[in-house]
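The values are calculated or read from the model by the stated rules, or taken from the named source; none is laboratory data. Model, not experiment: these values are computed from the prediction. Cβ atoms come from the backbone with ideal geometry, glycine included; neighbour counts cover every protein chain shown. Quick note on the areas: whole protein, heavy atoms, side chains included, nothing else; ligands and nucleic acids left out. Shrake-Rupley method; radii C 1.70, N 1.55, O 1.52, S 1.80 Å.
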Amino acid sequence: MLTASALCALAFPAAAQTPSALPKVRLSTSMGDIVLELYPDKAPKTVENFLQYVQDKHYDGTVFHRVMDNFMIQGGGFGTDLQQKTTRSPIPLEASNGLKNDRGTIAMARTSNPNSATAQFFINVVNNAGLNAPSPDGYGYAVFGKVTAGMDVVDKIKLVPVGSQGMQQNWPKSPVTILKATLEK
């Protein structure tokens with residue numbers, strides 16, 4: 001199996017990563033496309049983890065399961081059948097990398113354990129300074145990229161009507177699906 005870092009090296013062989021050489025992932029959603037630029041120099045383990053999930057097609061057919069206008073949209077963990085997907089082992093937290101949870105950035109979701117992030121991610125729809133390391137719990141949330149195209153799609157998603165789904169709150173009443181996640185060359 002080709003690791004995400006090896007995939008990155010093949011796709012982006014330049015010694016120094018210029019902005020045009022940074023890995024980009026396209027999330028084709030049921031509401032339009034979102035393009036993410038990732039920062040392996042700031043969050044290497046997080047980017048490698050995310051790219052491995054993209055390569056494994058883990059995100060294909062998942063939904064944005066937590067949508068909060070004036071906060072964030074979260075996805076990557078549940079299929080369209082509303083069942084939680086199996087993940088690989090958690091990765092170490094890389095929140096103290098200098099990147100901020102500003103509008104349009106992508107960060108890893110986690111539990112109260114700072115080293116619990118697996119596949120779930122969120123896109124900040126506002127500046128969320130309270131999520132920057134060391135807030136809110138002494139650790140922060142690891143930003144590893146930003147939206148470079150499709151912020152209008154993110155803004156449409158944040159406005160969908162939500163309700164409860166079992167124990168989950170802020171679940172879209174109509175599914176917003178990630179149809180496909182692809183690494184752009």
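The set of residues in segment 73-86 being touching a residue at least 60 places away in the same chain (Cβ under 8 Å) and open to solvent by less than 20 Å² (accessible area, probe 1.4 Å) consists of Ile73, Gly75, Gly76. Checking each residue in segment 112-127 for being part of a loop (DSSP other than H, G, I, E, B), under 14 Å from Arg66 (Cβ atoms) and either free of Cβ contacts under 8 Å to residues at least 60 places away in the same chain or among the polar types (S, T, N, Q) (or both) picks out Gln120, Val125.
Selection of first residues in segment 143-163 that are farther than 27 Å from Pro40 by Cβ and of second residues that are among the polar types (S, T, N, Q) and outside any helix (DSSP H, G or I), restricted to Cβ pairs under 7 Å at least 6 apart or on distinct chains, gives the following pairs, ordered by first then second residue: Val160/Ser174; Val162/Asn170. Scanning segment 141-170 for residues that are at pLDDT below 95 and aliphatic (A, V, I, L, M) returns a single hit, Met167.
Does segment 39-57 include one or more residues that are open to solvent by less than 30 Å² (accessible area, probe 1.4 Å), out of contact with any Cys (no Cβ under 7 Å at 6 or more places or on another chain) and either modelled with pLDDT under 95 or assigned to a strand (DSSP E or B) (or both)? Outline the logic, then answer.
Let us first name the residues in segment 39-57 that are open to solvent by less than 30 Å² (accessible area, probe 1.4 Å), namely 40, 43, 46-47, 49-54.
Now narrow it down to the ones that are out of contact with any Cys (no Cβ under 7 Å at 6 or more places or on another chain): 43, 46-47, 49-50, 52-54.
Next, from what is left, pick out any that are either modelled with pLDDT under 95 or assigned to a strand (DSSP E or B) (or both): none.
The answer is no, given that none of the residues of segment 39-57 is open to solvent by less than 30 Å² (accessible area, probe 1.4 Å), out of contact with any Cys (no Cβ under 7 Å at 6 or more places or on another chain) and either modelled with pLDDT under 95 or assigned to a strand (DSSP E or B) (or both).
Considering every residue within segment 129-152, establish whether at least one is open to solvent by 60 Å² or more (accessible area, probe 1.4 Å), in a strand (DSSP E or B) and of a type in the set (Lys, Arg). So far as segment 129-152 goes, yes, one or more of its residues are open to solvent by 60 Å² or more (accessible area, probe 1.4 Å), in a strand (DSSP E or B) and of a type in the set (Lys, Arg). If you scan segment 92-102, which residues turn out to be under 15 Å from the mean Cα position of the chain (by Cα) and either of a type in the set (S, T, N, Q) or within 21 Å of Asp60 (Cα to Cα) (or both)? The one that is under 15 Å from the mean Cα position of the chain (by Cα) and either of a type in the set (S, T, N, Q) or within 21 Å of Asp60 (Cα to Cα) (or both): Asn101. Of all the numbered requirements in (1) open to solvent by less than 40 Å² (accessible area, probe 1.4 Å); (2) in contact (Cβ under 8 Å) with a residue 60 or more places away in the chain; (3) under 21 Å from Ser28 (Cα atoms); (4) of a type outside the set (Asp, Glu), Ala109 misses one, and that requirement is (2).
Taking the listed residues Met68, Met31, the one that is out of contact with any Lys or Arg (no Cβ under 7 Å at 6 or more places or on another chain), within 17 Å of Lys158 (Cβ to Cβ) and either open to solvent by less than 10 Å² (accessible area, probe 1.4 Å) or modelled with pLDDT of 95 or more (or both) is Met68, with no other qualifying.
Return yes when Ser96 is loosely packed, with under 15 Cβ neighbours inside 10 Å and either touching a helix residue (DSSP H, G or I) at 6+ places or on another chain (Cβ under 8 Å) or touching a residue at least 40 places away in the same chain (Cβ under 8 Å) (or both) and no when it is not. For Ser96, the condition - loosely packed, with under 15 Cβ neighbours inside 10 Å and either touching a helix residue (DSSP H, G or I) at 6+ places or on another chain (Cβ under 8 Å) or touching a residue at least 40 places away in the same chain (Cβ under 8 Å) (or both) - is met.
Only residues that are open to solvent by 10 Å² or more (accessible area, probe 1.4 Å) and assigned to a loop (DSSP other than H, G, I, E, B) were counted in segment 19-28, giving 1.
Assessment of segment 157-171 against the conditions (under 15 Å from the mean Cα position of the chain (by Cα), of a type in the set (A, V, I, L, M) and open to solvent by less than 40 Å² (accessible area, probe 1.4 Å)) yields at least one matching residue.
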